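Down below is the structure, laid out as structure tokens.
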Amino acid sequence: MKNTNETTVNNPIASDDKPTRIHYVCPHCLGRLEREAATYMCHTCGSHFNHHDDYVADFAAAVTFDDWWMKDEQTRQHWLDKEAVGEEEYEIGLARNYVLPLLRKLKLQPDQTAVLSAGCGLASDTELLLEQGYDSYGIDIGNRVLGWSRRKCPQRLARADLREMPFPDACFDFVLSLNTIEHIGVVGDTTRVTPDYWEQRLRAMRSLLRVTKPGGYLLLSGLSRTIPFDVGHIQEVRWVRIHSPWEKFLLNYNDIRRLCRETGGVQSTRPLPLRGFFSWTRLRHNAFARPLLPLVDWLFGCLPPAVYGSWISPFWIVLVQRSDKPLPSNDALPSIDGSPPSSS
Ligand SMILES: C[S@@+](CC[C@H](N)C(=O)[O-])C[C@H]1O[C@@H](n2cnc3c(N)ncnc32)[C@H](O)[C@@H]1O
Ligand SMILES: [Zn+2]
């Protein structure tokens, strides 16, 4: 975590004019925010946050996620010009081929459903869901916000920490936080966890459930801890990260169930099929890999449900349903900057 003034975002090229139905609250005390010329003021706790008329709100000016590709100017530019394009395609494919069909299956109708992508990255999913009629919002704390200048919905995007979100309780019908929870409770953008990593993930889970309506859903996903070859987090290695199946960085379905149990406020957890989740955007451009992709899709489609959340599955996708039970307070957990619990 560090102070960042570099993470400023250019004015967006266009903006959608669909009115937002959810209004930001103070992420520290959940008090009402007064919108002033360039800031949001909280009259309850005195905090203030920057915004710009055509520009995203910033609720986490003092913190950031130190993405590995920010290490020097050349890497940063290369990532934003090249890698980000592939990642946008991935986010769009995921939203179109997996999230939208799931929303339909859950009978969450576009005009009546508020959706949040927490850890939305480049926010292409937020934009696509908005275009499909959902009241859609996105937050992220890392440098992918630099890519938000390409989004058409700036008033729906905020720099915010998902452990301390600027939203009222129980305001979203569906929250997705994909490939993000493993990055909570780690040192910068590495795979090394902090001593309080579990408490930080508990805080994240509580926060995600806090903004989810009773009966609403939370969709989480990630690479499986139990498969020792990780091709998704290779910032510290060359091709593949080989790790112990008992490591603390990656999670699996059981870890999510334990987080839910310790958090409370959960009605059910259900592992979902992998088919449709990956649109293989990068591999589609590879002449050797392209013909094999239908086969991989078919193989994913053949996996029996017993495999979805099991230790042999390379990836887990979990649908959590929020119950109407109240959530415990965060007083016994360390704060997001690692300082000890307020009650101690
Ligand atoms: C691997 S990316 C996933 C992006 C997107 N959800 C996807 O599946 O392509 C993880 C994202 O989590 C964000 N992130 C990490 N810690 C966060 C936090 N505490 N609050 C909000 N976002 C966070 C990072 O900045 C990054 O954009
Ligand atoms: Zn406040």
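A few points about this structure:
- Every pair of residues 6+ apart whose Cβ atoms lie under 7 Å, when the first sits in segment 268-284 and is aromatic (F, W, Y) while the second is modelled with pLDDT under 85: W280/L293
- When residues in segment 148-180 are screened for being surrounded by fewer than 21 Cβ atoms within 10 Å (Cβ to Cβ) and under 16 Å from A95 (Cβ atoms), 3 of them pass.
- In the set (1) of a type in the set (D, E, K, R); (2) within 15 Å of the chain's Cα centre (by Cα); (3) within 16 Å of ligand 2 (Cβ to nearest atom), the condition left unmet by E91 is number (3).
- Matching residues in segment 45-77 - criterion: being part of a loop (DSSP other than H, G, I, E, B), away from ligand 1 (no atom under 16 Å from the Cβ) and surrounded by fewer than 16 Cβ atoms within 10 Å (Cβ to Cβ): C45, G46, D53, D54, D72
- Checked against the criterion of being closer than 24 Å to L176 by Cα and surrounded by fewer than 13 Cβ atoms within 10 Å (Cβ to Cβ), the candidates R96, R21 yield just one match: R21.
- Of all residue pairs spaced 6 or more apart or on separate chains, those with beta-carbon atoms under 6 Å, a first member in segment 120-144 that is within 28 Å of D337 (Cα to Cα) and free of Cβ contacts under 8 Å to residues at least 24 places away in the same chain and a second member that is assigned to a strand (DSSP E or B) and near ligand 1 (Cβ under 9 Å from one of its atoms) are G138/S117.
- Close pairs (9 angstrom Cβ cut-off, 6 or more residues apart or separate chains): in contact (Cβ under 8 Å) with a residue 12 or more places away in the chain in segment 24-47, surrounded by fewer than 21 Cβ atoms within 10 Å (Cβ to Cβ) and basic (K, R) anywhere: Y24/R35; V25/R32; C26/R32; C42/R32; H43/R32; T44/R32
- With respect to the conditions (1) crowded, with 18+ Cβ neighbours inside 10 Å; (2) at pLDDT below 95, C42 lacks only one, and its number is (2).
- When residues of segment 45-69 are limited to those that are more than 15 Å from ligand 2 (Cβ to nearest atom) and of a type in the set (S, T, Y), the one modelled with the highest pLDDT: T64
- For segment 106-140, the set of residues classified as of a type in the set (S, T, N, Q), within 9 Å of ligand 1 (Cβ to nearest atom) and part of a helix (DSSP H, G or I) consists of S124 only.
- Residue check for A158: on the phi > 0 side of the Ramachandran plot and outside any helix (DSSP H, G or I): no
- Residue in segment 308-325 that is free of Cβ contacts under 8 Å to residues at least 60 places away in the same chain, within 21 Å of A95 (Cβ to Cβ) and surrounded by 15 or more Cβ atoms within 10 Å (Cβ to Cβ) present: yes
The values are calculated or read from the model by the stated rules, or taken from the named source; none is laboratory data. The structure displayed is predicted, hence computed values, not measured ones. Glycine gets a Cβ as well: all are built from the backbone with ideal geometry, and neighbour counts include every protein chain shown.
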